Amino acid sequence: MGEPARHSGLEANGLGANGWRRRAGRAARRLAAAAASCTLVLAAGPQAVALGMGPAHPALASAARADAVTADTVSAEYPLIVTIDTVSPAVAAQNGTVTITGRVTNSGAAVLKSAHAAVRAPIGHKPLTTRSDLAAVAARTTPSNQDGIDLDSPQAALNELAQGQSQPFTLQVAVADLGLDQEGAYELAVDVRGWTTENQRERPLGIARTFLPYDPKPTEAEPVQVATLWPITHAPELVAQTFSDNDQSVPVLRDDSLAREFAPGGRLYELVDTGAKLNGLTWVVDPDLLDTAFAMTKTYRVQKPGKEGDPAREDTTVQGAGTAAATAWLEKLRTAVAQHDSEVVSLPYADPDLASIAHNGADLAGIDTALGRAGTAGRVTAEGRLSVNVRDDVAWPFRGLLDQQIAATAQRAGDNLLLVNGDSLPESDALKYTPGAVRPIGNGQTAVVADNAVSEPFQVDLNTPQAQTEAVQRFLAETLVISRQEPHNPRGLLVMPPRGLTVNSARTLATALQQAQNGKWVSQVKLDQVAQAAADPKANGAVPPSTDYPAEARASELSAGALTTTIGIQSNLDLLMQILTLPQRVRGPFTAAMVRSMSVEWRPDAPAGDAYRKGVETYLKTLRDAVNVVQKKVITFPGDTGILQVSVRNELTQTVTNLRLELTSNQPNRLRARQTEDLVLGPSHNVTLQFPAEAKNNGPVLMTAQLWTTGPNPQKYGDPKTFTVEVTSVTNGVLYVFGAGMVLILLAGLRFYLQRKKHGDAPYEDPDAPLALTGESGDGESGSGDASAGDGGDGSGRPGGDADEDADDAGADASDDAPPADDDRAPGEAPGGERAQTLRGSTADGEDRAVSDEKVGP
């Protein structure tokens, strides 16, 4: 497997030549393993993070850090790094030869002298018969006599190498010289001996290990049934905004990275190209990616950087450049998945982060509904875009890691089959063979468990020949040993690469699968075939509690706050839907964007996910705020009655309805106005509403204007707006009426006194009798009435002029939306008995200007 190693500093201690070599070889292997692990694993680390795996295998990461320290401390004594780049053929043939190529690098300060590379024959000429034996070789960091014996031939002489210099080598060895006497997987090692100018003692200076399968006479053993997941996924690209081009819908992407990925040489292109050459693949597809590719087959736009929450316009977007590439890629994918022995698994739309939802959002109202809709939309989209039947009841949590909360969330979403990492359901050490992948886990659910040793090599980007050879040889050795454990008991095996499978790793995995199938100990099958196999009762099916979930995986989850905000998008969207006459133009894009906001694909790039969610939230707020009350601060009300005018505007490109405006006074004893008026607003139009009002005292009065939706469950729409009404010119009229009343009282009293004096002992008259019955009250009544009317007591003759001409537009800001308690007029009745009129002449529903987007402005 091309595993480089370094020595630990053991001395020969007077042993014979072969014994000295074996003892020194142990040291060589430990040092070489440290250097190689540091070089391979640490170099792959950034790519692993880029793939969204984080430290996918903490044991490997910690081993790399430990080996790096060892390498630093012993590099002066054991300075060489040895790698195996190729092994050809990958499976040894009887009476054949094996060619090994590699490289020797001097990492020390001294010059390398008189060195050569040689092949080591397996110790005892015996194969590695258990998977534990394979793991021991792969993990070995100290020299061991089990590494085999140096062959005198072939050997590759090396030149003098100064610090940092390297030299390739090629060794061709006969299979007969290796002494392989039976079928199985063998260790294959190459070591380097020599001396340096700093230490002229000849000694082992480096070693590399890999595996070599040998199957000269294939037995009648049943092949292992291997189901391989082939993920076709990508972080979400389509955004909620769309662009209007001559009343046509133009989709918008957050960037144009897919144009490169769909083109030859791009990751998604090469994944499809490589997978199309394999039999029996299980394609795991994100339907959102299919929708995006389909959208790109026509004209599309791309957001400019920093414009995530802005409406799609010429100044915020640019033309997309991937139409040809997307068209060709989508057709290529359709052809690949249509092969009769392939299977397509449709992930829920946009691949929601099941683990994050289970741990941080399972109790959110509406989350189960969102997951259910994502599953349905995923199936419909995948079948429609690919023209094949798909399986849609499969859950694939982040990295396949499972706990009880995740299983319960998947069940509520309707997922009965779970793709699970072997770390979550490890086997007991007491089990001496590899059981089948299928495990019933209760509640009607089944787990298909990936084999870690087989899957792990492909979790990182295998971007060097050494890493690729190591992965292929390990895969072949592992599957060969499994097939020979119970040769007449065919078992299913799941290979689970990461969602972000790279081109290098995909090609390497394809090579491994083809080689194993050529060796006839592996049969590539669909996921369904493995999932339907009988479960091994001895296999582990106990789902761990959430407390056992890996902390490093939990650290990258979507927070409870992010999930709450995302689900809150739905309630805000529902409110907007109530007022739109063409809600379909908004509902689909935003519902999809909400699910995309929860995608597991944001794990490798959390800042991009945050920006996407913020953009959706901001844009929805922009649309909601486009229907609003025009803000005014102070208006003048010159008189005791008049008209208050309040303007409402609609900056959307469609008509809005099902709205009413409520106007309330904070001091109805001083200023009262009619309270409600229904609204219909045409696209990009304003309307001014008139509210008859009656003032009783001068001075400022705070008014509140609030939009409400209509219907059985009215809700506030937008924020309330407040404005101040300055009431003037009421004082003179009030004092006049008050004074006139006092005069009437005095006159009535005087008249009563004179009548009593005049009539003396006349019978007492009823004091409650109407004055009209006395025949003398008409003047007084007439006088009071004339005074009131003449001074503007009614709605037409008030001093101060017409309120229609003096009142200004206003907005709103208050929370008391109930009608005033002392308003005894009929709803909608003005003080003068008239109703306010809505100026709808310019806002009636007109021609349908259907475009694909709602945005501010034209």
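The values are calculated or read from the model by the stated rules, or taken from the named source; none is laboratory data. Note that the coordinates shown come from a computational prediction; the quantities given were computed from them, not determined experimentally. Here the Cβ positions follow ideal geometry from the backbone for every residue, glycine too, while neighbour counts run over all protein chains shown. What goes into the accessible areas is simple: the full protein's heavy atoms, side chains included, and nothing from ligands, DNA or RNA. Shrake-Rupley method; radii C 1.70, N 1.55, O 1.52, S 1.80 Å.
In the context of the full set of protein chains, residues of segment 479-599 present 37 Å² of accessible surface per residue (probe radius 1.4 Å, heavy atoms only). A cut-off of 5 Å between modelled amide H atoms, ignoring neighbours fewer than 5 places along the same chain, links V727 with F637, G699, V701. As a rough guide to protection, the peptides 424-432, 288-296, 561-569 ranked by mean Cβ packing within 10 Å, highest first, stand as 288-296, 561-569, 424-432. The residues of segment 177-287 expose, per residue, 31 Å² of accessible area to a 1.4 Å probe. Summing charges over neighbours of E183, with a neighbour being any other residue whose Cβ is under 14 Å away from its Cβ, gives +1 when K and R count +1 and D and E count -1. Does segment 310-359 come out rounded, prolate or oblate by the C-alpha gyration tensor, with a ≥ b ≥ c the root eigenvalues, rounded set by a/c under 1.5 and, if not, prolate when a/b is larger than b/c and oblate if not? Oblate. Surface composition of segment 493-609: carbon and sulfur atoms hold 53% of the protein heavy-atom accessible area at a 1.4 Å probe. A cut-off under 9 angstrom between Cβ atoms defines the neighbours of A437, and their net charge, with Lys, Arg +1 and Asp, Glu -1, is +1. Working from label points 7 Å from Cα in the Cα-to-Cβ sense, the K126 to D152 distance is 2.7 nm.
Placing a label point 7 Å from the Cα of A263 along the Cα-to-Cβ line, the residues of segment 312-337 whose backbone N sits under 14 Å from it are 320-329.
Note on T376/Q532: beta-carbon distance plugged into 1/(1 + (r/R0)^6) with R0 of 30 Å gives a FRET efficiency of 0.80.
Here segment 675-731 exposes an accessible surface that is 47 percent carbon and sulfur, computed with a 1.4 Å probe and the other protein chains kept in place.
Within segment 190-249, all pairs of alpha-carbon atoms sorted by distance into 5 Å bins from zero give the percentages 4, 9, 7, 7, 7, 6, 8, 7, 7, 7, 9, 5, 6, 5, 3, 2, 1. Legend: distances between Cα atoms for K307/K614; K614/K721; K217/K432; K277/K520; K307/K633; K126/K432; pairs beyond 22 Å are K614/K721; K217/K432; K307/K633. A 1.4 Å probe run over segment 609-712, with the rest of the protein chains in place, finds 33 Å² accessible per residue.
Computed over protein heavy atoms with a 1.4 Å probe, the carbon and sulfur contribution to the accessible area of segment 317-384 reaches 55%.
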